[in-house]
Amino acid sequence: MAVSHPPEHPRQAIETVFRMESPRIIAGVTRIVRDVGIAEELAQDALVAALEQWPAQGVPDNPGAWLMATARNRAVDLVRRRERYARKLAEVGRDLETAPAHAGPLEPPDPDAIDDDLLRLVFIACHPVLSTEARVALTLRLLGGLSTAEIARAMLAPEPTVAQRIVRAKRTLAARAVAFEVPYGPDRDARLGSVLEVIYLIFNEGYAATAGDDLVRPALCEDALRLARVLAALMPEESEAHGLAALLELQASRTAARTGPAGEPVLLKDQSRAHWNQMLVRRGFAALARAQATAPSPAGALGPYALQAAIAACHAHAHSYEETDWQQIAALYGLLAARAPSPVVELNRAVAVAMAQGTEAGLVLVDALTAEPVLKDYHLLPSVRGDLLERLGRADEAHAEFERAASLARNERERELLLARAADCWAGSGRGARPAESAS
């Protein structure tokens, strides 16, 4: 394989490529070895090989393919060793016909299988032998490529707790000898909720990165969006599968407008809607229509993802920020709070209420959330409160809230924005309202 000239800092290139490619490597290797934990170890072996070879030989022209080939070759070697061992056991037992069949790297195609290794791995990691929390944490680790700290942030849970969930989940799958299989019928339906959740969380981490120097991680968004599309096609009568696809299409349509030339965040109020991807907007509207058409009766009640898609559609329908139908958005958040209650949903509802019914009304709702334990270290709570206080002319209080939000934010771009807003309040310049919804 052709290689480029050795880079000045190959380790950084290796780590970047591995972070992007590790979900595909783990998914592809799991197909061969039938064990998620072993697949992750083989992916790590490929990373070690890259760290040993690339500094001297140069980074390959296609580093992702190099890592995949290295991991797959080691997986094939492992399977062959298992097969040789099985044959020896069979010979000792003098009964070759009763020797267990061990799958090799190549399998005949299954016409009913999910033809996507990443999505197949999502369903496996969401096996019912695991708790819901463990399924989400494991899948975010394997497919989202998220660190334990990032997963803890996304799940609003302590980092040691999340680390234990991931370790126990892999042990449980191995101990129960969970097969590399595609669920069908009721089994597939039983895992759907977890699958939808992890795809949603993977997209969210790409859309607004928890930590690091970049606000957006496009590769995660693209993977999640593709998985959502595949899932919706796989389950055409499932309203929430279409709802999730609609939500991600509409959110992804804003990507190009969400950052400025230097990568700085551009809030919704300041975005040029001419930069929103209209093809994705149309796809989102179409998926939302399918979600509405397949919603369960009576009353065609929409699920949480379809309701969030309907909220995103309100923004997409508005020709400008000023034309946004905040009354409708507040009403939809009320329905969402009833269907999927959570402090984060209530925080977003408070923003919509502030826009629709007045800042004071929103501040009352936000103040009621300050005692919520799960929001104690959630930077958007003081950020929203700072927005509302600034609108009310309470600059000193707003300054304190923005500074607290900046101290809690782990993404460098968000921290810079929050510190700038705190400085503006301190200087008394008054930049106007910036509700949480404007960061979406």
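Just give me the residues in segment 354-370 being of a type outside the set (S, T, N, Q) and within 27 Å of the chain's Cα centre (by Cα), in sequence order. Steps first, answer last, please.
The initial filter retains those residues of segment 354-370 that are of a type outside the set (S, T, N, Q), namely 354-356, 358, 360-369.
Across segment 354-370, the qualifying residues are Val366, Leu369.
Matching residues to (1) closer than 20 Å to Glu240 by Cα; (2) touching a residue at least 40 places away in the same chain (Cβ under 8 Å); (3) buried (at least 22 other Cβ atoms within 10 Å of the Cβ):
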| position | (1), (2), (3) |
| --- | --- |
| Ala310 | yes, no, yes |
| His319 | no, yes, no |
| Thr324 | no, no, no |
| Ala331 | yes, no, no |
| Leu335 | yes, no, no |
| Ala338 | yes, no, no |
Residue in segment 97-118 that is within 22 Å of Ile25 (Cα to Cα), at pLDDT 80 or above and in a helix (DSSP H, G or I) present: no
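Condition test on Arg171, is it at pLDDT below 80 and among the charged types (D, E, K, R)? So that I can check it myself, show each step before the final result.
Values: at pLDDT below 80: no; among the charged types (D, E, K, R): yes.
In short, no.
Determine, yes or no, whether Ala427 is closer than 20 Å to Leu268 by Cβ and not hydroxyl-bearing (Ser, Thr, Tyr). Give the derivation first.
Numbers: closer than 20 Å to Leu268 by Cβ: no; not hydroxyl-bearing (Ser, Thr, Tyr): yes.
No.
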Which listed residue is assigned to a helix (DSSP H, G or I) and more than 16 Å from Ala65 (Cα to Cα), from Glu40, Glu15: Glu40
Candidate set from segment 296-308 (those that are in a loop (DSSP other than H, G, I, E, B) and crowded, with 18+ Cβ neighbours inside 10 Å); member that is modelled with the lowest pLDDT: Leu302
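Can you work out which of the residues in segment 403-426 that are basic (Lys, Arg) and at pLDDT 90 or above is surrounded by the fewest Cβ atoms within 10 Å (Cβ to Cβ)? Before you say what the answer is, go through the steps one by one.
At the first step, the residues of segment 403-426 found to be basic (Lys, Arg) are 404, 410, 413, 415, 421.
When the remaining residues are screened for being at pLDDT 90 or above, the result is 404, 415, 421.
Values: Arg404: 18, Arg415: 16, Arg421: 24.
Among those residues, the one meeting the criterion is Arg415.
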Residue that is nearest to Pro373 (Cα to Cα), among those in segment 128-146 that are without any contact (Cβ under 8 Å) to a residue 60 or more places away in the chain and surrounded by fewer than 20 Cβ atoms within 10 Å (Cβ to Cβ): Glu133
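Quick check on Gln251: is it surrounded by 16 or more Cβ atoms within 10 Å (Cβ to Cβ) and more than 20 Å from the chain's Cα centre (by Cα)? Before you say what the answer is, go through the steps one by one.
Values: surrounded by 16 or more Cβ atoms within 10 Å (Cβ to Cβ): yes; more than 20 Å from the chain's Cα centre (by Cα): no.
Judged against the criteria, Gln251 is not a match.
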Check on Arg282, among the basic types (Lys, Arg), within 20 Å of the chain's Cα centre (by Cα), under 19 Å from Ala312 (Cα atoms) and not in a loop (DSSP other than H, G, I, E, B): no
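Determine which member of the set Ala208, Ala287 is of a type in the set (Gly, Ala, Ser), outside the structural domain of Arg410 (by TED's automatic domain parsing) and farther than 24 Å from Glu21 by Cα.
Values: Ala208 fails: farther than 24 Å from Glu21 by Cα.
Going through Ala208, Ala287 in turn, just one is of a type in the set (Gly, Ala, Ser), outside the structural domain of Arg410 (by TED's automatic domain parsing) and farther than 24 Å from Glu21 by Cα: Ala287.
Given the criterion more than 16 Å from the chain's Cα centre (by Cα) and either of a type in the set (Lys, Arg) or assigned to a helix (DSSP H, G or I) (or both), identify the matching residue among Ala137, Ala169, Ala177.
Details: Ala137 fails: more than 16 Å from the chain's Cα centre (by Cα); Ala177 fails: either of a type in the set (Lys, Arg) or assigned to a helix (DSSP H, G or I) (or both).
Checking each option against the conditions leaves just Ala169.
I'd like the full set of residues that are surrounded by 24 or more Cβ atoms within 10 Å (Cβ to Cβ), of a type in the set (Asp, Glu) and free of Cβ contacts under 8 Å to residues at least 24 places away in the same chain, limited to segment 376-402.
Within segment 376-402, the subset surrounded by 24 or more Cβ atoms within 10 Å (Cβ to Cβ) is 381-388, 390, 398, 401-402.
Subset that is of a type in the set (Asp, Glu): 387, 390, 401.
Residue satisfying the conditions is Glu401 alone.
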Members of segment 379-408 found to be in contact with an Asp or Glu (Cβ under 9 Å, 6 or more places away or on another chain) and not in a helix (DSSP H, G or I), listed by number: His379, Leu392
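Out of the residues in segment 215-245 meeting the condition of being of a type in the set (A, V, I, L, M, F, W, C) and not in a helix (DSSP H, G or I), tell me which one is nearest to the chain's Cα centre (by Cα). Steps first, answer last, please.
From segment 215-245, those of a type in the set (A, V, I, L, M, F, W, C) are 215-216, 219-221, 224-225, 227-228, 230-235, 241, 244-245; that's our starting set.
Filter again for not in a helix (DSSP H, G or I), leaving 215-216, 235.
Details: Leu215: 14, Val216: 12, Met235: 20 Å.
Restricting to residues being of a type in the set (A, V, I, L, M, F, W, C) and not in a helix (DSSP H, G or I), the top hit is Val216.
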Criterion (without any contact (Cβ under 8 Å) to a residue 24 or more places away in the chain and among the hydroxyl-bearing types (Ser, Thr, Tyr)) met by exactly one of Thr16, Thr30: Thr16
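The values are calculated or read from the model by the stated rules, or taken from the named source; none is laboratory data. Predicted model, so just to flag it, every value in this text is computed and none were measured. Glycine gets a Cβ as well: all are built from the backbone with ideal geometry, and neighbour counts include every protein chain shown.
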